[in-house]
Amino acid sequence: MDHVTVQGTDEDIKAALLDVNLPNLLLSMYCITGDQTWIAEDQAPAPVLAPEGSLFPDDTGGYSEAQADAIRASAAKVLIALRDGERTPGSVPNPEQFRELLEYGMGEEVTSGYANMLLEETGLIDRDQNWLPVMSRTDAAKRADFEVLIIGAGMSGLGMAAKLKRAGISFTIIERNDQVGGTWYENRYPDCGVDTPNHFYSYSFHRNPDWSGYFSKRDELFAYFDRCADEFGVRDQILFETEVTRLQYDEINQSWQVHLKRGDGETEVRTANAVVSAVGQLNQPSMPDIPGLEDFEGDQWHSARWQTKDLAGLKVGVIGTGCSCVQLLPKTADQAEHTRVYQRTPHWVAPSRDYYRSVEPGLIWALKHIPFYAEFHRARMILVFADRSWPAVVGDPAWEDQSLSMNEANHGMREALTEFMRESLGSKQDYLEHCVPNFPVWGKRLIVDNGWYETLAREDVSLETDGIERVT
């Protein structure tokens, strides 16, 4: 970890450690020092579990104040010595050590396969070494002559370009917009942002320690991907304001004829050995086929093509209750005279304590300056946020009604989320029957709450569930 250097005064270091996750700190200290006392059983973190009656897992390790103070004080001594050149930054754990460290930090079993994936996801090992040595044996001139055309300069297109550049393979990105970023360039509706924690909604090979929030918003996400285009060195290979209108495969020459149309109307045909589609899955707005919508004289637009307009004093209708609607509704309701939400299908919406939470300064410091900390932070977030819900989605053959829940754990989540709705809807308890989905939790992707039910409970917001016959 020679790229990570400890910086700051003694007091800066001690202050920063107040903001870090103690299980991650213990694992980092072990990797730096190799001292087994950092992972002793008598100070093992408590498992990451939600207390009874709570939807929120306790991720702190369960330490007393005295234990926490002692861990931080010992860690500060190690980091100060590292800053002063009195010790080395340690070494990367081997796969089995890494798996054991994750088990220690999480208080639960972590399989070898999952640990190996996280070694790559954290960058502790270079996943490109799975293919780069083989690729490097191919003549460099031959690689440079192989032309790949990538359609789209969003997160997938930029990531593909970065890897092709590393492999020495020629490429061109075709982007219809005038900027990179894809969905994070096009979407600009109120409160647009991620519903996956930023510290792993980012490239595993190009992490960002400077996220300002745990769930950052559109502008910060666009800035990250825009910066990546420069830091990857791929911007000069992007043709902006250009669309692919046709792809035709030439079987004789085993190549693609790519028909392009530029923003000025000029057309061009390029030849490529391979084409990568990185256009996204949901980037084209889909307007509902509702009678009267084409004749509606008021303003109308799709959330993916948001129009900046003062909504003060206006009556606003929002059709659909997916992720975008959940995000944009609170701020839209703050502006409009009255907002009416038209719902076809309710979704499970889960609360998050971190949704509007700013990243603590000490954590940002730790991600930059404590060896191994950023890697264990990313691994822990993936373990906590991603697949720990797997037991709740596996059907129990003996479970009576699998149309509503799959097993005991899944049913417990259903009851907890329903109670969350009940508490959040306040005086509008008549909405509850319309907000509880008729399918099990995780039957569809969970939506992260940003005040959805509390907004529905407002007097200037109405929920309509009878369907739309016509727009007038």
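Values in this text are rule-based calculations from the coordinates and carry no lab data. Not measured: the values here are computed from a predicted model. Here the Cβ positions follow ideal geometry from the backbone for every residue, glycine too, while neighbour counts run over all protein chains shown.
May I ask for the Rg/Rh ratio of region 375-437, computed from Cα atoms with Rh as the Kirkwood radius, given to two decimals? Walk me through the numbers on the way to the answer.
Numbers: Rg = 15.4 Å, Rh = 13.8 Å.
Across region 375-437, the Cα-based Rg/Rh ratio is 1.12.
Give me log10 I(q)/I(0) at q = 0.11, 0.13, 0.23 Å⁻¹ for region 1-92, Debye formula, one equal scatterer per alpha-carbon, no solvent. Evaluating at q = 0.11, 0.13, 0.23 Å⁻¹ gives log10 I(q)/I(0) of -0.35, -0.48, -1.22.
As a rough footprinting exposure proxy, the listed residues W131, W365 were ranked by other beta carbons within 10 Å of their own, and the order from fewest upward is W131, W365. When each of the peptides 35-43, 245-253, 318-326 is scored by the mean number of other C-beta atoms lying within 10 Å of its residues, the order from highest to lowest reads 318-326, 35-43, 245-253.
What GluC sites (Glu not before Pro) does region 103-171 have in DSSP loop regions with at most 11 other beta carbons within 10 Å? Kindly include the intermediate steps, with their values, before the conclusion.
Working: sites: E103, E108, E109, E120, E121, E147; in loops: E108, E109.
Sparse-neighbourhood loop GluC sites (Glu not before Pro): E109.
Starting from the alpha-carbon convex hull of region 146-277, give the projected area averaged over all orientations, in nm².
Numbers: hull surface 35.4 nm².
Here the figure is 8.8 nm², rounded to one decimal.
Just check region 357-472 against the gyration tensor rule for me: Cα atoms, a ≥ b ≥ c as the square roots of the eigenvalues, rounded for a/c under 1.5, and otherwise prolate or oblate depending on whether a/b exceeds b/c. Oblate shape, in that a/c is at least 1.5 and b/c is the bigger or equal ratio.
Rounded to the nearest 5, what is the percent of antiparallel bridges among the DSSP beta bridges in region 146-277? Walk me through the intermediate numbers first.
On the way: 15 of 26 bridges.
In region 146-277, DSSP labels about 60 percent of beta bridges as antiparallel.
Net length available on complete extension from F205 to D19 is 64.5 nm, with 0.36 nm assigned per residue and the Cα-Cα distance removed. Each peptide among 177-190, 366-379, 75-88 gets the average number of other Cβ atoms lying within 10 Å of its residues, and from highest to lowest they stand as 366-379, 177-190, 75-88.
One decimal place: the segment N283-E433 gains 50.8 nm when fully extended, by the rule 0.36 nm per residue minus the C-alpha distance. Rg/Rh for region 411-472 (Cα atoms only, Rh after Kirkwood) is 1.00.
Hull surface divided by four, with the convex hull built on the Cα atoms of the chain: how many nm²?
Working: hull surface 116.4 nm².
Spelled out: convex hull of the Cα atoms, projected over all directions, averaged, 29.1 nm².
Binning all Cα-Cα separations of region 318-418 at 5 Å, short to long from zero, yields these whole-percent fractions: 2, 9, 12, 14, 14, 14, 13, 12, 7, 3, 0.
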